[in-house]
Every structure is written in structure tokens, then in C-alpha cells.
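One structure below.
The values are calculated or read from the model by the stated rules, or taken from the named source; none is laboratory data. These figures come from a predicted structure and were not determined experimentally. Cβ placement follows ideal geometry from the backbone for every residue including glycine, while neighbour counts extend to all protein chains displayed.
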Amino acid sequence: MCGFISIFGPEGSDVLQDILTGLLAIQHRGQDAAGIVSFDEKFRAKKGLGLVREVFEDKHLSRLSGSMAVGHVRYPTVGQNEVGDVQPFWIDFPVGVAMAHNGNVTNFHELKKDYFAGRHVRLASNCDLEAVLYVFADRLLRRKGDSVMAEDVVEATRETFERVKGAYSVVGIIAGVGMYAFRDPFGIKPCIFGRKQTEQGWQYAVASESVVLDVAGYEVVRDLKAGELLWIGMDRKPQFFQVGTKPHRPCVFEYIYFARPDSSLDGASVYAARLELGKKLGEQWKKTGLEVDVVIPVPESARTAAQTMAEVLGVPYREGFVKNRYVGRTFIMPNDKARQSTIRHKLNPIRVEFEGKRVLILDDSIVRGNTSRQIVKIARQMGAAKVYLASYSPPLLHPCLYGIDMSTKREFVARGRTTAEIATELGADFVLYQTIEDMVQAVQAVGPDRQFCKACFDGNYPTGDITERMLSDIETDRLEATKS
């Protein structure tokens, strides 16, 4: 999972500060690398490994000025975390195109071995965005006229949808021509369009979450639809083209974990969805007959759901863990060794909230079990009488092939185990998961009544083109990454 923001301002404007503001607001989506590509007569770039504040310095600001720019924060799902894989990417010839994306190309290996090899194209990186960029730019090269027109961008998007499989939201700029954004045919990854009025005229932005636009002072116009292209040419008039025709299947895990609670995605508030998820799980817990004295969230994402779960159970909500905000998110760390070594550094308990109490600890999900196992251990060390563990998402059983590097299938703690066996494995007295039905109903209750991609829970990949070869290739990539 990654985050992006692309901005197209009036002629003579400088959008860099808004790009940086947006990247800081979306830092939670990727902490491995950051990059910006701007255009002002030519492309200028600064990319590097690390957080936004570590990559960009004052000396870079004047060089990156311009009225068009794309910014990106990354954590790798394909390839290693190397400087050469840091987005955005761009080419100067034969058409100047810059691009960033959020998602995962499921047929990346096939494209490298067949499509590109047959054209004697050698990709310079291990990042799947490069494949998207070359397919898109190649179709622009084959346009009929001299100038790049809106219909050429439409056909380039259509070609991308036909060639490139998986889930991806893409933003970018065409040098001296305009800004584009498109969302994969199933709309799995979020993509949101906004604008703001400046003294020089309208300034347009596209981002991975609405909070990015909010923080940077933009009015949210709307989410791009599944398979939709946004094109803004030099006339600065936004145009929308419906290129794909597949059913919309946005990722439900955005509401559970990845998106900030102050974001809205596809018409649904992430915060409101988590409140509903807590209510649903609270009602389910009541059926167990187990009494608890306190509900304690694992910060940060579980806080919202824990509040409503505690309300349903009629017990106090308490902050039992203090989070060190300067330690990265363990979910998206590259390997188990890095995750396990940071859990105790990241969360410190408040003894008074555990000692002698029947404690219900709520988390957004239980993936490999490393964090949960350590948290249960800490709670017992603090003197808890009982340690119960709950997840407001269902058991994770299948790898996400669409851009969340949550695990390979052999690593899921819930795979092949009953909830009683999971509790034993984690050292808890009892474990409760949200049901898939309740999860979907909770998100539907606060937004449009639509179906979601929930393949990581039920194994049903909505694109319908996932093969055993894809599963094997991606799993091999991820296992190699854990060795680094």
C-alpha cells in the first residue's frame, strides 16, 4: 500500500508546498521511501529512502518548483526497497510522462517475461509501476496526430486496462499537456479528486485519501469511479471518461486499517465505519457470556471501534497502551525480525489499567500473530486476571495480491486453526473475530450499499484473473524480501 498526490495549478504557480503537505498527511501509507517529480519546462525529481522529512530538504525546494507535480510515499509490495524502485517514475522521450500509483500489478512477471521481452524492452527497476508507465506511454506514442489530445489519453488508459492486471490507482502528468488520473477497472484502490480557488485560478489535486486534500486546503469534489479517467488539459477544465466497465469492488481493508479515520472513501467515513465495526463486535461479544472489566485498544486504528464496543458492553474504555509515535508501523515492516524487535519499543503499558482486571484487548486485525502474542504477554506481566483478544476484522486467511503486503498464506496465524487454537497460540484466554457479514454491513451502514473486495478474508479475488502462477510469483517475491 502506498500513497500519492498529484497537483495541477494555474500557469506560473508553484504547487510544491501543497505536495509536501499532502505527503506528510499520507505518510502512514508508506514509510520506506518518498519522491516528487515536478514539471516546469522539464521534469525535475527528488527521490530517496526514508520518511518525507528525511528525504526532502530546503535545498530541494527551489529546484522542484512548478505548476505540475506528483508526489508519492512507498512501501514495497513488489521488488526490494531500493532507490531505483522509488516512485514517481518518468520518461522524457518519446513522450514526457510522469506517473505514480498505489496498488499491485498481478501480472507483472508475465509482462516482464512476455510482453516487454518480446519488444526488446528491459525494465530498469523491480517496481511494477514501470510496467504501467511503459504500456501507457507506448499507446500515447502510437497516437495519430502530433499533439496529445484527450482521446489519446483515453486510449492509453484503455490499453493499460487491457494489458495490466491487478489493482491500481494511477496519477501523473504529461509534460506541457496536462494531468491525468485513473482508477483500475474494479476501483479496488481509492482515488479522490479535489480543487481549490487561488488568486491565479483553480488548482486541482488527486490523492489516495480525502484527508490529504483536506489538510492541503482543497475541496473534495468526488471519488473517481471504477475504471474512470480524469483528464485536465492546458485549458484547466476537468473531463471525466468512463473507460472500464467492471463492477466496483473497493478494498474493505481500507476502512479497517490503512486509511486515516478522518478520511472518507467512496462516500463512506472511515471513522463512522470503525464505530459501526465496534458496535457489531460488541453485540457478538455479548453472546459469548464472558464478562470483562475494561476494553483497551491497540493504538492507533483500534481506538475508534474500541469506544463503541465498550459502550455496547457497558464497561469502561481505557487507554492501556502508550504508543511511541517515532517507531514505524509494524504491519508494513519488511520482515518478522524487524516487526518483533519493535513491538515492545512501540507500545508501553499502563499497569493500573491491567492489574487484577479481566481485560478485553481490541485490535484492527490479527495477521501473523507477532504483535498479538507480545501484547498478551505484556498484559499478563501487568497483572491482568484474564486476557481476552478481539479483532474487528475477520480472520485473515488469504494473501492480498492487490497491494497490501500482509503476509504469504503460510504465515497467517488463523490459517488452519480454530479460534481456540489461535487463543492458545497467542497465549490469550479467548479470541473473537468479527464475521465477514457483520464487517460488510458495518461499512455499508455509513456509505453506499455496495460490495467490496474482501479477498484476504474469503479468497474471492474480484478481478477473476488470479492464477496459481501469479500466487507463486508474488509469494516468491515476498519471501525473498523477508530475507533482506
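Residue-by-condition table, conditions (1) farther than 22 Å from Ala455 by Cβ; (2) modelled with pLDDT under 95:
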position	(1), (2)
Ile375	yes, no
Met382	yes, no
Tyr388	yes, no
Pro394	no, no
Pro399	no, yes
Ser407	no, yes
Arg410	no, yes
Phe430	yes, no
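May I ask you to list the residues in the range 99-142 that are crowded, with 23+ Cβ neighbours inside 10 Å and among the acidic types (Asp, Glu)?
Residues satisfying the conditions are Asp128, Glu130.
State which residue is nearest to the chain's Cα centre (by Cα) when the search covers only the range 243-272 and only residues that are closer than 17 Å to Tyr168 by Cβ and assigned to a strand (DSSP E or B).
Checking each candidate, the answer is Cys251.
Being of a type outside the set (A, V, I, L, M), surrounded by 24 or more Cβ atoms within 10 Å (Cβ to Cβ), modelled with pLDDT of 95 or more and touching a Gly at 6+ places or on another chain (Cβ under 8 Å) is the filter here; which residues of the range 75-98 pass it?
Within the range 75-98, Gln87, Pro88 qualify.
Tell me which strands (runs of 3 or more DSSP E) are completely within the range 157-242 and hold 2 or more residues being surrounded by 22 or more Cβ atoms within 10 Å (Cβ to Cβ) and in contact (Cβ under 8 Å) with a residue 24 or more places away in the chain, or say none if there are none. Quick ask: steps written out before the conclusion?
Details: elements: 166-174, 178-183, 192-198, 201-207, 219-223, 228-233, 238-242.
Result: 166-174, 178-183, 192-198, 201-207, 228-233.
Sort through Glu57, Glu41 and tell me the only one that's farther than 18 Å from Ser6 by Cα, modelled with pLDDT under 95 and over 21 Å from the mean Cα position of the chain (by Cα). Explain how you work it out, then say what you get.
On the way: Glu41 fails: farther than 18 Å from Ser6 by Cα.
After ruling out the rest, the residue left standing is Glu57.
Is one or more of the residues making up the range 154-165 touching a strand residue (DSSP E or B) at 6+ places or on another chain (Cβ under 6 Å) and of a type in the set (D, E, K, R)? Talk me through it step by step, then tell me what you get.
As a first pass, look at the range 154-165 and keep what is touching a strand residue (DSSP E or B) at 6+ places or on another chain (Cβ under 6 Å): 154, 157, 164.
Applying the additional criterion that residues be of a type in the set (D, E, K, R) yields none.
No.
Any residue in the range 22-35 that is closer than 17 Å to Gly194 by Cβ sitting within a Cβ distance under 8 Å of a residue that is at pLDDT 95 or above and of a type in the set (Phe, Trp, Tyr)? List the pairs, counting only those 6 or more apart or interchain.
Listed by first residue and then by second, the contacts come to Ile26/Phe4.
When you look at Leu64, is it aliphatic (A, V, I, L, M), surrounded by 15 or more Cβ atoms within 10 Å (Cβ to Cβ), farther than 20 Å from Phe43 by Cα and over 17 Å from the mean Cα position of the chain (by Cα), yes or no?
It is false that Leu64 is aliphatic (A, V, I, L, M), surrounded by 15 or more Cβ atoms within 10 Å (Cβ to Cβ), farther than 20 Å from Phe43 by Cα and over 17 Å from the mean Cα position of the chain (by Cα).
Let me confirm something: among Gln31, Gln27, which residue is more than 16 Å from Tyr218 (Cα to Cα), among the polar types (S, T, N, Q) and modelled with pLDDT under 95?
Gln31
Go through the range 2-33 and report how many residues are of a type in the set (Gly, Ala, Ser) and farther than 22 Å from Ala175 by Cβ.
4
Could you say whether any residue in the range 136-149 is under 23 Å from the mean Cα position of the chain (by Cα), in a loop (DSSP other than H, G, I, E, B) and either farther than 21 Å from Arg183 by Cβ or in the same structural domain as Glu41 (by TED's automatic domain parsing) (or both)?
Within the range 136-149, none of the residues are under 23 Å from the mean Cα position of the chain (by Cα), in a loop (DSSP other than H, G, I, E, B) and either farther than 21 Å from Arg183 by Cβ or in the same structural domain as Glu41 (by TED's automatic domain parsing) (or both).
Mind counting the residues in the range 254-274 that are without any contact (Cβ under 8 Å) to a residue 40 or more places away in the chain and either surrounded by fewer than 24 Cβ atoms within 10 Å (Cβ to Cβ) or not β-branched (Val, Ile, Thr) (or both)?
Summing the residues that are without any contact (Cβ under 8 Å) to a residue 40 or more places away in the chain and either surrounded by fewer than 24 Cβ atoms within 10 Å (Cβ to Cβ) or not β-branched (Val, Ile, Thr) (or both) in the range 254-274 gives 1.
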